[in-house]
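S.K.: One structure is given below, represented as structure tokens, and several questions about it will come after.
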Amino acid sequence: MDGTGITNALFVVALVFIVTVAAAAKVARSRTDLPPKTAAPPPPPEAKGAPLVGVFPAVLSRGLQAVIREQHRELGSVFTLRSLGLAVTFLVGPESSGHFFHAPESEIAIDDVYKVTVPIFGRGVGYDVDLDTRNEQHRFFAKTLRPAKLRRHVHPMVHEVEDFFGKWGNSGVVDLKEEVDHLLMLIASRCLLGKEVRENMFDEVSSLLHELIGGLHLVSMFFPYLPTPAHRRRDRARARLEEIFSEIAGARRGSGRVEDDMLQELMDSRYGDGRATTGAEVTGMLVALLFAGQHTSSTVTVWTALRLLTHPTHLHTAMAEQEEWLVGKEEQIDYDVLQQMGFLHRCIKEAMRLHPVTQMILRRARRGFAVRAKEGGEYSVPAGRLLASPLVVNNLLPYVYKDPHVFDPDRFAAGRAEDKGGAGAGDLAYVAFGAGKHACMGEGYAYQQIKVILSHLLRKFELKLESPFPEPENMLSMRPRGEVMVSYRRSE
Ligand code: HEM
């Protein structure tokens with residue numbers, strides 16, 4: 001699974017305006033559910049734009065982020081952008097985001113945004129099933145990703161990382177983006193997909209995942225089952241993956257062999273009525289975890305490295321912390337040592353603030369609701385409206401983050417804790433992992449694998465950024481653009 005494939009497809013939230021278009025029909029259908037006119041406050045203010053095309057020309061010329069930022073400055077924390085007959089209401093900052101993140105599914109829906117994943121994850125999982133079944137499957141994820149289980153993944157992760165970097169020479173130049181993508185796939189195949197895949201089928205499974213993801217194009221948003229060559233390859237890959245994981249599960253059950261990986265956890269999961277998960281469901285859930293976790297972790301690892309390599313003082317502090325916890329103590333990394341790497345943790349968190357993995361999180365209002373803007377006005381948002389929480393603006397709010405454009409990991413340290421956002425912000429001042437019911441379930445796993453990789457690089461290599469500090473890839477993908485060339489020299 002290479003970086004381009006992942007970039008184009010993995011994290012569907014990033015496909016903001018494409019998905020917006022896909023959801024349009026439903027938006028139009030459900031507008032009838034407006035609250036009574038007499039009681040309702042006015043609608044949110046709207047950005048000016050040309051008739052019909054709305055803000056589209058501005059987005060094309062100045063970029064989506066710039067337009068959202070401008071409109072936030074001009075219209076306040078609740079506003080609507082219209083384009084090509086679609087309306088998206090933006091809710092900026094912790095004060096306006098409570099309903100967006102915390103309302104029940106009956107009020108704020110996530111399904112539309114993620115429906116596009118159905119042909120990839122497969123039938124019977126995720127956004128193909130009713131809410132109760134999906135909740136049960138989320139329970140399986142939560143069980144699989146809880147700290148007691150994560151502890152067991154540290155050793156295999158460290159093993160993969162040491163093995164991988166052991167193959168680097170004494171010095172050289174690499175594209176860090178490509179290297180990290182490959183390493184994370186090795187880790188995933190060990191911790192998630194199982195040692196059968198890691199040891200015997202790594203290449204086949206990697207290329208099947210690549211085909212699966214390559215089946216997500218613009219046309220898939222509108223006609224997901226159109227028999228295009230890419231869709232056919234996607235469907236063949238999905239079928240073969242199901243065959244592989246069903247065979248592995250069958251062999252494990254047949255021999256009574258139990259492994260310490262997520263495949264085993266998902267195989268052993270039981271629905272409330274006692275039913276076991278099927279091979280198709282296990283395959284779909286594994287693919288879903290890969291979708292959620294690979295591209296995101298890779299992006300964050302590379303941005304954190306980029307920030308450290310361009311901030312010598314913070315790099316020095318991060319290296320000193322490694323020394324304190326590991327050097328001269330047989331360099332035994334375990335779960336508890338990883339938890340102690342507070343500065344490295346803050347560097348990763350700060351890199352995610354400046355470079356969130358997605359520009360915005362999307363939902364759709366099933367029912368109309370009223371929202372109060374930070375500036376004081378109250379607005380009514382109609383049922384059916386597409387909603388966006390723009391991380392690219394939330395993360396840079398100057399009343400939440402001092403000097404928001406500065407890379408300052410200690411803004412999260414005790415005493416400052418800017419991510420707590422002051423009184424009333426609840427859990428909504430820092431939403432790089434989402435919040436509420438759909439908050440990321442893999443946060444602990446993500447930090448764990450990113451720390452294992454960066455800890456190794458900090459201890460074992462002197463690194464230097466050779467290419468210019470990159471911009472984000474494009475309007476939809478927040479990955480670093482182009483190659484991230486880094487020269488290395490072994491430090492021992
Ligand atoms: C640094 C890496 C990661 C970042 C920044 C990240 C970010 C996010 C965000 C923003 C959401 C919320 C999406 C929404 O509300 O629409 C989310 C959801 C999710 N993430 Fe992550 N993620 C990361 C890594 C992972 C990993 C490694 C896994 C699993 C192995 C994972 C599993 C999930 C799952 C299962 C959900 C869906 C939760 C739900 O809908 O209830 N993530 N992630």
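S.K.: Please specify each residue of the stretch 90-106 satisfying the condition of being outside any helix (DSSP H, G or I) and either surrounded by fewer than 22 Cβ atoms within 10 Å (Cβ to Cβ) or touching a Cys at 6+ places or on another chain (Cβ under 7 Å) (or both).
M.R.: Of everything in the stretch 90-106, those that are outside any helix (DSSP H, G or I) and either surrounded by fewer than 22 Cβ atoms within 10 Å (Cβ to Cβ) or touching a Cys at 6+ places or on another chain (Cβ under 7 Å) (or both) turn out to be ALA103, PRO104, GLU105, SER106.
S.K.: Whether any residue in the stretch 240-250 is within 16 Å of the ligand (Cβ to nearest atom) and β-branched (Val, Ile, Thr) is what I want to check.
M.R.: no
S.K.: Considering LEU184, LEU176, which residue is aliphatic (A, V, I, L, M), touching a strand residue (DSSP E or B) at 6+ places or on another chain (Cβ under 9 Å) and touching a residue at least 40 places away in the same chain (Cβ under 8 Å)?
M.R.: LEU176
S.K.: Which one is surrounded by the most Cβ atoms within 10 Å (Cβ to Cβ) among residues in the stretch 39-89 that are more than 16 Å from ALA373 (Cα to Cα) and among the polar types (S, T, N, Q)?
M.R.: In this case the residue turns out to be SER83.
S.K.: Could I ask something else about it? Against the condition over 27 Å from ALA435 (Cβ atoms) and free of Cβ contacts under 8 Å to residues at least 12 places away in the same chain, how does LYS167 come out, does it pass?
M.R.: When the stated conditions are applied, LYS167 passes them.
S.K.: Let me ask something else about it. Hey, does the stretch 469-486 have a residue that's in contact with a Ser or Thr (Cβ under 8 Å, 6 or more places away or on another chain), at pLDDT below 95, more than 16 Å from the ligand (Cβ to nearest atom) and not small (Gly, Ala, Ser)?
M.R.: Among the residues of the stretch 469-486, not one is in contact with a Ser or Thr (Cβ under 8 Å, 6 or more places away or on another chain), at pLDDT below 95, more than 16 Å from the ligand (Cβ to nearest atom) and not small (Gly, Ala, Ser), which makes the answer no.
S.K.: Among all residue pairs at least 6 apart or on different chains, which show Cβ distances below 6 Å where the first residue, located in the stretch 402-421, is touching a residue at least 60 places away in the same chain (Cβ under 8 Å) and the second is assigned to a loop (DSSP other than H, G, I, E, B) and surrounded by 19 or more Cβ atoms within 10 Å (Cβ to Cβ)?
M.R.: Filtered contacts from the stretch 402-421: ASP419/ALA429; ASP419/TYR430; GLY421/VAL400; GLY421/ALA429.
S.K.: Let me ask something additional. Out of everything in the stretch 147-165 that is surrounded by fewer than 14 Cβ atoms within 10 Å (Cβ to Cβ) and among the charged types (D, E, K, R), what residue ends up being farthest from the ligand (Cβ to nearest atom)?
M.R.: So the residue we want is ASP163.
S.K.: Additional query: Name the single residue, out of those in the stretch 280-299 being surrounded by fewer than 24 Cβ atoms within 10 Å (Cβ to Cβ) and out of contact with any Leu (no Cβ under 9 Å at 6 or more places or on another chain), that is nearest to VAL484 (Cα to Cα).
M.R.: Looking at residues that are surrounded by fewer than 24 Cβ atoms within 10 Å (Cβ to Cβ) and out of contact with any Leu (no Cβ under 9 Å at 6 or more places or on another chain), I get ALA288.
S.K.: Please state which one of LEU216, LEU208 is touching a Pro at 6+ places or on another chain (Cβ under 9 Å), crowded, with 18+ Cβ neighbours inside 10 Å and among the hydrophobic types (A, V, I, L, M, F, W, C).
M.R.: LEU216
S.K.: Could you please let me know if ALA429 is farther than 17 Å from ILE68 by Cβ, modelled with pLDDT under 95 and assigned to a loop (DSSP other than H, G, I, E, B)?
M.R.: Yes; evaluated as a whole, the condition is true for this residue.
S.K.: While we're looking at this one, here's another question. Would you tally the residues in the stretch 431-449 being touching a Leu at 6+ places or on another chain (Cβ under 7 Å) and either within 6 Å of the ligand (Cβ to nearest atom) or of a type in the set (Asp, Glu) (or both)?
M.R.: 4
S.K.: Across the stretch 394-428, which residue is farthest from PRO312 (Cα to Cα) among those that are in contact with a Lys or Arg (Cβ under 6 Å, 6 or more places away or on another chain) and within 16 Å of the ligand (Cβ to nearest atom)?
M.R.: ASN395
S.K.: Given the conditions (1) crowded, with 22+ Cβ neighbours inside 10 Å; (2) assigned to a loop (DSSP other than H, G, I, E, B), and given that PRO404 satisfies all but one, which numbered condition is not satisfied?
M.R.: All conditions pass for PRO404, except number (1).
S.K.: Filter the stretch 69-78 for residues that are under 25 Å from the mean Cα position of the chain (by Cα) and either hydrophobic (A, V, I, L, M, F, W, C) or in a loop (DSSP other than H, G, I, E, B) (or both) and give the result.
M.R.: Passing the criteria: SER77, VAL78.
S.K.: Would you check if THR358 is among the hydroxyl-bearing types (Ser, Thr, Tyr), more than 21 Å from GLU74 (Cα to Cα) and modelled with pLDDT of 95 or more?
M.R.: no
The values are calculated or read from the model by the stated rules, or taken from the named source; none is laboratory data. A quick note: this is a predicted structure, and the numbers were derived from the prediction, not measured. Positions of Cβ are generated from backbone atoms using ideal geometry, with glycine treated the same way; all protein chains shown enter the neighbour counts.
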